[in-house]
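Participant: I'd like to ask you about the structure that follows.
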Amino acid sequence: MTHPTVGPILLARGATADAARLSVLMVVERGREPPAIIPQDGVPATPSALSEEDWATIWRYDFDLPSAPAATYSVDGIDYEVAADLTADLRIAFVSCNGQEVRDLQRPRVERNALWRDIVEEHRKDPFHLMLHGGDQLYADEVWQAHPDLSAWQRATQADREEAPFTPEMEEAARGFYLSRYLDVYSQPATAAMMARVPSLMIWDDHDIVDGWGSHPRWMLDSAVAQGVFGAARRFFRLMQLGLGPDEVSPNLPDREGRSLGWRCAFPGLGILAPDLRSERRPDRVMGEAGWRTLERSLADLDGAETLLLLSSVPALGPRLSWVEKVIGALPHIDKYKDDLRDQWQSRFHRREWSRFLTLMERQVSGRGRRLAILSGEIHLATRGEMKVKDGIVHQFVASGISHPPPPRIYAACLGGLARVGGSPVPGRPIRLKPLPGSGDIYTAQRNYLVLRRSGGEWTARWRTEDSGWTGPLSF
């Protein structure tokens with residue numbers, strides 16, 4: 001059987017006034033020569049083999065493009081145009097939740113990829129400089145069906161699950177599943193068109209591993225099989241989202257030991273960073289100390305940036321959920337929703353961490369005259385929030401999902417009712433959730449994506465919703 005080549009997948013590595021630093025991934029059948037990639041300067045980029053997986057070799061090419069509105073690189077003679085001038089006006093797309101839990105890729109492409117086709121048309125009319133992916137780039141929940149022993153493990157008793165080994169056959173099946181799922185998702189035509197032309201930055205969330213990873217009971221998370229599946233997911237997150245080999249160290253990842261995969265990336269006047277909210281997560285914590293050190297180091301490294309965009313895969317400004325958790329705790333028939341609530345910063349089990357995180361965000365803005373916007377997905381709704389601080393505002397923009405179906409409108413209305421109560425995890429800094437521009441509801445239950453624009457030094461945010469179209473611009 002012959003396997004098609006997948007790529008190019010264009011990844012951002014930062015930029016200076018003179019050049020955009022980039023990487024391209026190509027997935028090629030083992031034994032075949034990697035394609036020739038030639039940047040605009042005419043000097044062929046050197047391919048580096050990141051990993052050999054099943055039938056495929058994953059190659060990476062590192063190169064710069066000159067800071068120009070329309071720079072190009074070619075792959076086997078096919079040219080790809082890139083908006084590589086990141087020094088002045090910018091247009092940035094933010095997407096999240098690219099799939100659904102069951103039979104995602106069996107959906108009709110026309111329905112699944114409607115907003116991807118829309119974003120391709122937007123890029124054609126007015127090119128994007130960057131594309132940020134805020135989590136759940138793929139839905140890997142069906143990894144449990146990748147091998148009969150993985151399926152059987154899910155149905156076994158707790159005692160048997162704790163004792164079961166992660167066999168070589170399970171590992172081979174899990175790795176094959178993640179490779180196949182990434183390539184299937186990245187090969188969707190509109191997605192492939194964007195990822196070949198707009199440099200991406202990505203952070204993972206639970207579905208890139210399995211649903212609710214980190215919020216399940218400790219015995220499950222620490223079992224050999226669950227850790228084995230997590231290890232396979234982590235390997236392919238590094239390969240296919242970060243563009244890194246299994247043990248490679250990157251200058252954009254401050255934790256050299258690799259316990260936290262949080263990153264930061266610098267552009268003229270702009271810092272973009274993403275804490276890793278999954279690698280060290282447990283039911284009573286969002287990040288371990290490695291994650292916190294990585295976040296603090298990333299913020300220190302970007303201290304001179306005029307504007308910060310921070311990708312928090314789960315929303316950092318949202319309604320207090322402790323009342324809901326107490327109700328669910330008393331109703332065993334809806335016990336399955338505990339994991340979903342534990343995933344949130346606002347869970348009563350994470351309240352101290354939530355306050356720590358928001359205090360850290362406040363310090364980036366208070367008295368400094370800089371912008372900070374937290375970008376999130378995960379909840380399959382669109383909304384925004386504000387936390388006013390001294391001489392500034394911490395903004396929260398939520399856009400979710402690009403292809404996941406929206407929840408019922410009654411769900412959005414109930415969540416909106418909770419949000420109107422407000423909350424102040426940081427004393428004296430109340431959080432306010434607000435509707436999108438032009439909407440009367442705090443949460444919009446439509447598929448959507450977000451566009452951020454820097455023009456003349458000023459920033460605006462607009463949401464593209466599937467049914468209602470574009471919102472008005474929101475200055476921040």
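Participant: Between segment 420-476 and segment 8-53, what is the separation of their alpha carbon centroids in Å?
Facilitator: After rounding, the separation between the Cα centres reads 36 Å.
Participant: Using only alpha-carbon positions, what ratio does the radius of gyration of segment 1-110 give when scaled by 2.2 N^0.38 Å?
Facilitator: Normalised by 2.2 N^0.38 Å, the Cα Rg of segment 1-110 equals 1.25.
Participant: Roughly what would the spin-label model give for E172 and V110, points 7 Å off Cα along C-beta, in nm?
Facilitator: 4.1
Participant: Which FRET efficiency value, to the nearest 0.05, is calculated for Q227 and M1 with the Förster distance at 30 angstrom and r the Cβ-Cβ distance?
Facilitator: Working from the Cβ atoms, E equals 0.40.
Participant: What helices in the chain pass both tests, a Cα length along the helix axis of 24 Å or more and a mean Kyte hydropathy of -1.0 or higher, using whole DSSP H runs?
Facilitator: Going by DSSP H runs, the hits are 168-186.
Participant: Over what distance in Å are the Cα centres of segment 359-382 and segment 116-181 separated?
Facilitator: Here the two parts' Cα centres lie 29 Å apart.
Participant: Order 89-97, 124-132, 262-270 from most to least packed using the mean count of other Cβ atoms within 10 Å.
Facilitator: Top to bottom by mean Cβ count within 10 Å: 89-97, 262-270, 124-132.
Participant: If I model a spin label at Q145 and S455 as a point 7 Å from the Cα along the Cα→Cβ vector, what separation in nanometres do I get?
Facilitator: Simple spin-label model gives 4.6 nm for this pair.
Participant: Which percent of the accessible heavy-atom area of segment 200-256 goes to carbon and sulfur, probe 1.4 angstrom?
Facilitator: 53
Participant: From Cα coordinates alone, what are the radius of gyration and Dmax values for segment 123-239 in angstrom?
Facilitator: 16.5, 58
Participant: With every protein chain left in place and a probe of 1.4 Å, what is the accessible surface of E386, to the nearest 10 Å²?
Facilitator: Surface accessible to solvent at E386 totals approximately 20 Å².
Participant: Something else: Using DSSP to call loops (not H, G, I, E or B), can you name the trypsin sites (Lys or Arg not before Pro) in segment 365-445 whose Cβ has at most 12 other Cβ atoms within 10 angstrom?
Facilitator: Counting only loop positions with at most 12 other Cβ atoms within 10 Å, the trypsin sites (Lys or Arg not before Pro) in segment 365-445 are K390, R420.
Participant: What percent do you get for the relative contact order of segment 1-67 when only Cα pairs under 8 Å and 6+ apart count?
Facilitator: So the answer I get is 34 percent.
Participant: Translational D (Stokes-Einstein, µm²/s) of segment 184-278 at 4 °C and 1.567 mPa s when Rh comes from the Kirkwood sum over C-alpha pairs?
Facilitator: Value of D from the Cα-based Kirkwood radius: 87 µm²/s.
Participant: Just from the alpha-carbon atoms, what are the Rg and Dmax of the chain in angstroms?
Facilitator: My reading of the Cα-based Rg and Dmax gives 21.5, 66 Å.
Participant: Points 7 angstrom from Cα along the Cβ direction at I410 and A300: gap in nanometres?
Facilitator: Simple spin-label model gives 5.2 nm for this pair.
Participant: Find how much the distance from E52 to A68 grows on full extension, using 0.36 nm per residue of separation minus their present alpha carbon separation; answer in nm with one decimal.
Facilitator: 2.3 nm
Participant: Provide the gained length on full extension for the span R293 to D76, in nm with one decimal, where the gain is 0.36 nm per separating residue minus the Cα-Cα distance.
Facilitator: Computed gain between R293 and D76 is 73.9 nm.
Participant: Got a number for carbon plus sulfur as a percent of segment 379-454's accessible area, 1.4 Å probe? Before the final figure, lay out the partial values.
Facilitator: Numbers: 1620 of 2910 Å².
C and S atoms contribute 56 percent here.
Participant: I need the semi-axes of the equivalent ellipsoid of segment 375-476: take the C-alpha gyration tensor, multiply each eigenvalue by 5, square-root it, list largest first in whole angstrom.
Facilitator: After diagonalising the Cα gyration tensor, the semi-axes are 22, 19, 10 Å.
Participant: Still on this structure, please answer the following. What FRET efficiency do you get for R348 and R32 if R0 is 41 Å and r is their Cβ-Cβ distance, rounded to the nearest 0.05?
Facilitator: 0.15
Participant: If I ignore ligands, DNA and RNA and count only protein heavy atoms, how much of V249 is accessible to a 1.4 Å probe, in Å² to the nearest 10?
Facilitator: 80
Participant: Tally Lys/Arg at +1 and Asp/Glu at -1 over every other residue whose Cβ is under 13 Å from the Cβ of D149; what's the total?
Facilitator: Around D149, the surrounding residues sum to -2.
Participant: Between segment 269-313 and segment 383-406, what is the C-alpha centre distance in whole Å?
Facilitator: Using only Cα atoms, the two centres lie 17 Å from each other.
Participant: Additional query: If I ignore ligands, DNA and RNA and count only protein heavy atoms, how much of H380 is accessible to a 1.4 Å probe, in Å² to the nearest 10?
Facilitator: Spelled out: H380, probe radius 1.4 Å, area about 30 Å².
The values are calculated or read from the model by the stated rules, or taken from the named source; none is laboratory data. What you are looking at is a predicted structure, and each value in this text was computed from that prediction instead of being measured. We place every Cβ from the backbone using ideal geometry, glycine too, and count neighbours over all the protein chains shown. Note: areas computed on protein heavy atoms with side chains; ligands, DNA, RNA excluded. Shrake-Rupley method; radii C 1.70, N 1.55, O 1.52, S 1.80 Å.
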